[in-house]
4 protein chains.
Amino acid sequence: MRVTVWGENVHEHRDRPVRERYPDGMHGAVAAALADRLGPGHHVRTATLQEPEHGLTADVLADTDVLTWWGHAAHDEVDDAVVARVHDRVLAGMGLVALHSAHYSKIFRALMGTSCTLRWRNDGETELLWTVDPAHPIAAGVPHPLRLPAHEMYGEHFDIPQPDELVFISSFAGGEVFRSGCCFTRGAGRIFYFSPGDQEYPIYHHPDVQRVIANAVRWAAPAGGTGAAPRNRHAPLHWYDGEAAR
Amino acid sequence: MRVTVWGENVHEHRDRPVRERYPDGMHGAVAAALADRLGPGHHVRTATLQEPEHGLTADVLADTDVLTWWGHAAHDEVDDAVVARVHDRVLAGMGLVALHSAHYSKIFRALMGTSCTLRWRNDGETELLWTVDPAHPIAAGVPHPLRLPAHEMYGEHFDIPQPDELVFISSFAGGEVFRSGCCFTRGAGRIFYFSPGDQEYPIYHHPDVQRVIANAVRWAAPAGGTGAAPRNRHAPLHWYDGEAAR
Amino acid sequence: MRVTVWGENVHEHRDRPVRERYPDGMHGAVAAALADRLGPGHHVRTATLQEPEHGLTADVLADTDVLTWWGHAAHDEVDDAVVARVHDRVLAGMGLVALHSAHYSKIFRALMGTSCTLRWRNDGETELLWTVDPAHPIAAGVPHPLRLPAHEMYGEHFDIPQPDELVFISSFAGGEVFRSGCCFTRGAGRIFYFSPGDQEYPIYHHPDVQRVIANAVRWAAPAGGTGAAPRNRHAPLHWYDGEAAR
Amino acid sequence: MRVTVWGENVHEHRDRPVRERYPDGMHGAVAAALADRLGPGHHVRTATLQEPEHGLTADVLADTDVLTWWGHAAHDEVDDAVVARVHDRVLAGMGLVALHSAHYSKIFRALMGTSCTLRWRNDGETELLWTVDPAHPIAAGVPHPLRLPAHEMYGEHFDIPQPDELVFISSFAGGEVFRSGCCFTRGAGRIFYFSPGDQEYPIYHHPDVQRVIANAVRWAAPAGGTGAAPRNRHAPLHWYDGEAAR
């Protein structure tokens, strides 16, 4: 499995506490956790906004089974051509794990077709994530509830399509709820949205959060490999005789 | 629209506070609210456990478009033959609105195929119901959140099939969440589960709860009328030529 | 209910057989059928590509509960600003009924987030539409199967998100299948895709096709009215005390 | 992975052509294919109706991760206590792959909550299975379409709950369609219904059918292991402090 961990990498330079919390960047922390948890035989790399083509060249994407995405302060600086390239690649089978404020990234909004807006409040409240689909592989080994002692609140209504599979629902000390773990399939690609991960809290050092992300990467990996982007095709009568094509 | 409000009608006789809260029975309160909110041209009646065949004779069911169900203390006393009759009728198109502890009724469990178990705690906590599908007709006019100042806690994991449409998610002061408004289609019948309504609180006098139940009854009514129970059918080649049948 | 029937209105001018089949335009045929079937008290108008802003000004959209859309030859000529305006309006609650080759329109693709590609063949084959959700209001009164003696083939894989509700599946004489009646909710808006309606066949004169479209318009109308487009909102702690807001 | 292949094993004794087609029983053919395709490290056994407790003792079930089920002529002879035991075990996490006429088995109907009825015709028609969810692991490596030269027709309306994931839709030469590959989650258990496999045709010798069943067994295996059957539980306030329980 080839995983690319994309990080916006802005707060780490702008905000000293974030840099101290994540000396290798938030992407670095996520990548290290994945490398550790996926184990040998898998390849984990990082890419960031500041690299040419944001580090997401056609070659890198062609060599990626699952892409994770974290962005917040600079959604608008992501180039539309790169977004279109990632979009095509997801429809062709690449998995995508969208983390926290990636709910409002160009790529996630393009894939969802909705505004992806929500309510929020950054008061450092306790968040509890409850598993509502215990059979789901992304929930394997995850405590019920998963407790984050302090986190930003994200609340409903979260304007997303009804998830194909809803895995986690969060509650916050202030009373709000949030669909915090959501699976979608778009084209041949699998997408998991997971809301934990505000930069002001050490969320990606939390072992259970790491476990969820590793489970999600495994789940999102293309079972049948990736292919070409879907296209309209003329189908002559009985085209399938003499073929064994998809 | 012909609505039958079924009540177990046990707590009302056993527990003085319940009787004082609901002098006409819990079924009486629900029926009065529906009669008022659905308006003229609709017929609302009640039926209870203590009546012959629990008031759910073949004739009554044939004359019912939507059945609401509340039970708690006496699930086991409901006759299996009546349950089977209601089950068949739902598959043939009758709507069902299952209220609160009806989660564990024979009819709801038979329709779901799961254990319908949950976590619970009766500490009189604040419950907030959040709308996660604002386009849904059952959410029309319902405040976000809908607040119940004191109620029994029902918490996840709630062992139901993934709802076809999830309308409400509740949070409780103690931190739990619950899928409190869930739509299912089974056969030609529409089912709505709505968790508010413990007998120890005046929930069915709450105007917004009444609004939800009235919306649910309208939603669950069979758009194309009710028919016969589904059955296996032999279909000769091109049977549909010369027919216009379902 | 206020319905706007949008027509691309290109084939009607370019292709004599289409003009003869639909002397008032395809949009004219759909609008007449809807006016007839919805009955008095509802307002049906048309809008076309050739009008300023394609007839879809902010005022027209603000005055529209459900928009139907047919396009084929000129998807690229639809202005992106108008698409964005329609998109926002759907998320705010306006219903959308996408007809036939509207599967590849800018607005449908933007709402779905997928390529919306498919297989096709225009050989005038028999198409049978089978109801797989007999409880659904869009299926009310529709024969099983609904038969189109000759139509263009649309076949799987149809690259759409899994529909929130799948109502019809088509088969074609050549053996293909197609998810031909699909419901989606996006934001507060309801969307129905219905595949019948190639311009080379008199599909919109077929009474059962008209029935489906009228059912779909009723289903897609916003139950709770339309509101503002969703947006991110800061939520102070316990903001909901003293409010009754969505 | 521990797989138990359950066979009704009646046609094999009653009908000479079935016995000749499947000299080791239909269950024997399925088990051999699974043993071959799952490879070493997995354990595949069979169980049949005629064994004590139908071969499905508590010990066997406790030692089973995925159960496959084929029945047709003797659904009524399956003991209700065994059905209840299998049901509990599925809710506790055991996977179930229901094959062909198992649509009408007691266990499948109990899990679905619907009548599971359908239309049928045994005229040896060509069946084509089309993949509508190409990202699904059960579709990995499966041709599009998968062709069965001659098979019994199963047609809609198939009275099942809307599948959580719809993977395959079949067409038949006579024009019918059928949702032939359907995923459900019930409790902690995953269920796949796959319609090919009438006893009068050599379906389980077809390599692509075998591939689907092997994929389905892998998909249905419990990612987090199996546990106890779900039950109602009292949850004291803040029970989760000091626990890490499910």
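Within region C:188-214, how many residues turn out to be farther than 23 Å from D:GLY175 by Cα and touching a Pro at 6+ places or on another chain (Cβ under 6 Å)?
Qualifying residue count, region C:188-214: 1.
Could you please let me know if D:ALA29 is buried (at least 20 other Cβ atoms within 10 Å of the Cβ), in a helix (DSSP H, G or I) and touching a residue at least 40 places away in the same chain (Cβ under 8 Å)?
yes
Being more than 9 Å from chain D (Cβ to nearest Cβ) and of a type in the set (S, T, N, Q) is the filter; apply it to region B:95-115 and report the residue that is surrounded by the fewest Cβ atoms within 10 Å (Cβ to Cβ).
For region B:95-115, the residue satisfying everything is B:SER101.
Which condition does D:PRO149 not pass, out of (1) open to solvent by 10 Å² or more (accessible area, probe 1.4 Å); (2) within 30 Å of A:ALA221 (Cβ to Cβ), if it passes all the others?
Unmet condition: (2).
Quick check: is even one residue across region A:223-238 open to solvent by 70 Å² or more (accessible area, probe 1.4 Å), touching a residue at least 60 places away in the same chain (Cβ under 8 Å), more than 9 Å from every other protein chain (Cβ to nearest Cβ) and out of contact with any helix residue (DSSP H, G or I) (no Cβ under 6 Å at 6 or more places or on another chain)?
yes
Can you tell me which of (1) over 20 Å from the mean Cα position of the chain (by Cα); (2) more than 14 Å from chain D (Cβ to nearest Cβ) is the one A:PRO149 doesn't meet?
All conditions are met except number (2).
Among what's in region B:116-131 and is of a type in the set (D, E, K, R) and within 13 Å of chain D (Cβ to nearest Cβ), pick the residue that is nearest to A:THR131 (Cα to Cα).
The residue in question is B:ARG119.
Yes/no per residue for (1) touching an Asp or Glu at 6+ places or on another chain (Cβ under 6 Å); (2) modelled with pLDDT of 95 or more; (3) of a type in the set (Ser, Thr, Tyr); (4) farther than 30 Å from C:LEU91 by Cβ:
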site	(1), (2), (3), (4)
B:ALA92	no, yes, no, yes
B:ALA98	no, yes, no, yes
B:THR117	yes, yes, yes, yes
B:ASN122	yes, yes, no, yes
B:LEU129	no, yes, no, no
B:ARG147	no, yes, no, no
B:HIS151	yes, yes, no, yes
B:GLY155	yes, yes, no, yes
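Which ones in region C:166-175 are within 12 Å of chain A (Cβ to nearest Cβ) and surrounded by fewer than 23 Cβ atoms within 10 Å (Cβ to Cβ)?
Answer for region C:166-175, where residues must be within 12 Å of chain A (Cβ to nearest Cβ) and surrounded by fewer than 23 Cβ atoms within 10 Å (Cβ to Cβ): C:ALA173, C:GLY174.
Given the criteria within 12 Å of the chain's Cα centre (by Cα) and either modelled with pLDDT of 95 or more or among the aliphatic types (A, V, I, L, M) (or both), does A:ILE203 qualify?
no
Which one is farthest from A:PRO222 (Cα to Cα), of the residues in region A:46-65 that are of a type in the set (A, V, I, L, M, F, W, C) and buried (at least 18 other Cβ atoms within 10 Å of the Cβ)?
A:LEU49
Taking region D:116-142, which residues are more than 19 Å from C:ARG179 (Cα to Cα) and either open to solvent by 10 Å² or more (accessible area, probe 1.4 Å) or basic (Lys, Arg) (or both)?
D:ARG119, D:TRP120, D:ARG121, D:ASN122, D:ASP123, D:GLY124, D:GLU125, D:THR126, D:PRO137, D:ALA140, D:GLY141
If D:ASP76 satisfies all but one of (1) more than 16 Å from the chain's Cα centre (by Cα); (2) open to solvent by less than 30 Å² (accessible area, probe 1.4 Å), what's the number of the condition it fails?
Every listed condition holds for D:ASP76 apart from (2).
Please work out which residue is surrounded by the fewest Cβ atoms within 10 Å (Cβ to Cβ), limiting yourself to region D:176-211 and to residues that are among the charged types (D, E, K, R) and within 14 Å of chain A (Cβ to nearest Cβ).
D:ASP208
The values are calculated or read from the model by the stated rules, or taken from the named source; none is laboratory data. None of the values given here were measured: they were computed from a predicted structure. Glycine gets a Cβ as well: all are built from the backbone with ideal geometry, and neighbour counts include every protein chain shown. Just so you know, the surface numbers come from the protein's heavy atoms only, side chains and all, with ligands and any DNA or RNA stripped out. Shrake-Rupley method; radii C 1.70, N 1.55, O 1.52, S 1.80 Å.
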